[in-house]
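The values are calculated or read from the model by the stated rules, or taken from the named source; none is laboratory data. Quick caveat: nothing in here was measured; it's all calculated off a predicted structure. Every residue, glycine among them, receives a Cβ derived from its backbone with ideal geometry; neighbour counts consider all protein chains shown.
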Ligand SMILES: [Cu+2]
C-alpha cells in the first residue's frame, strides 16, 4: 500500500514536469511558421475498395500530413473500438495524436482541433466527425456542394457542432 502511494506521487511529479516542459517548448518555438512545419502524422483505417477514402487521404497529403493507411475488412469494428457514435459514422476512421477523426473532415479543421486546447466535452471528448458522406467535402468532389457540420463527439453518443459549412 505504501509503495503504491509513492509510485502514484512519482507519476504525478513526472506528469507535471512533462506538462511544464511542453509549455516551455511551445513558448520558445514562438512563431507560427515553426508550428506549421511540424509534421502531422495520421493513421487512416478504411476498406480496401473505398475510393472516396483515397480522395480524402490525397487531400491530407496535399496539406502536409504524413498518412499511414490501414486497410481493413471490418471498418465497423474499428469504429466500435474508437467509440465513434453510430449516427456520426462515415467511411473511414483516422487517429492523430490520440484523437479520432471520423469521415471527410477538412485538413484545416483537423489541425485546428489537434492544436486547440478546447474540448467541448472536456477529457471525455473523443474526436471530431463529418457524419455520412456529404457531397463536396474533401475527397467527395462530385460537382454538388452540400452544407455540413464538423461535430465533436464524446463517449455515449454526445455530440455538438464545432464548425458549420454553408454554401
Ligand atoms: Cu467517403
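A few points about this structure:
- Residue match in the range 154-167 (condition: closer than 17 Å to residue 44 by Cα and out of contact with any helix residue (DSSP H, G or I) (no Cβ under 9 Å at 6 or more places or on another chain)): no
- Residue that is nearest to the ligand (Cβ to nearest atom), among those in the range 39-89 that are in a loop (DSSP other than H, G, I, E, B) and within 25 Å of residue 156 (Cβ to Cβ): 89
- Within the range 136-157, being out of contact with any strand residue (DSSP E or B) (no Cβ under 7 Å at 6 or more places or on another chain) and modelled with pLDDT under 95 holds for 156, 157.
- Counted residues, the range 71-85 - those being under 17 Å from residue 95 (Cβ atoms) and loosely packed, with under 14 Cβ neighbours inside 10 Å: 6
- Restricting the range 90-113 to residues that are out of contact with any helix residue (DSSP H, G or I) (no Cβ under 7 Å at 6 or more places or on another chain) and more than 18 Å from residue 164 (Cα to Cα), the residue that is nearest to the ligand (Cβ to nearest atom) is 94.
- Filter result (in contact with a strand residue (DSSP E or B) (Cβ under 8 Å, 6 or more places away or on another chain) and assigned to a loop (DSSP other than H, G, I, E, B)) within the range 111-135: 119, 120, 121, 131, 132, 133, 134
- Condition check for residue 140 on (1) within 16 Å of the ligand (Cβ to nearest atom); (2) surrounded by fewer than 18 Cβ atoms within 10 Å (Cβ to Cβ); (3) in contact (Cβ under 8 Å) with a residue 60 or more places away in the chain: one failure, at (2).
- Only one entry in 64, 103, 55 is under 14 Å from the mean Cα position of the chain (by Cα) and closer than 22 Å to residue 45 by Cβ, namely 103.
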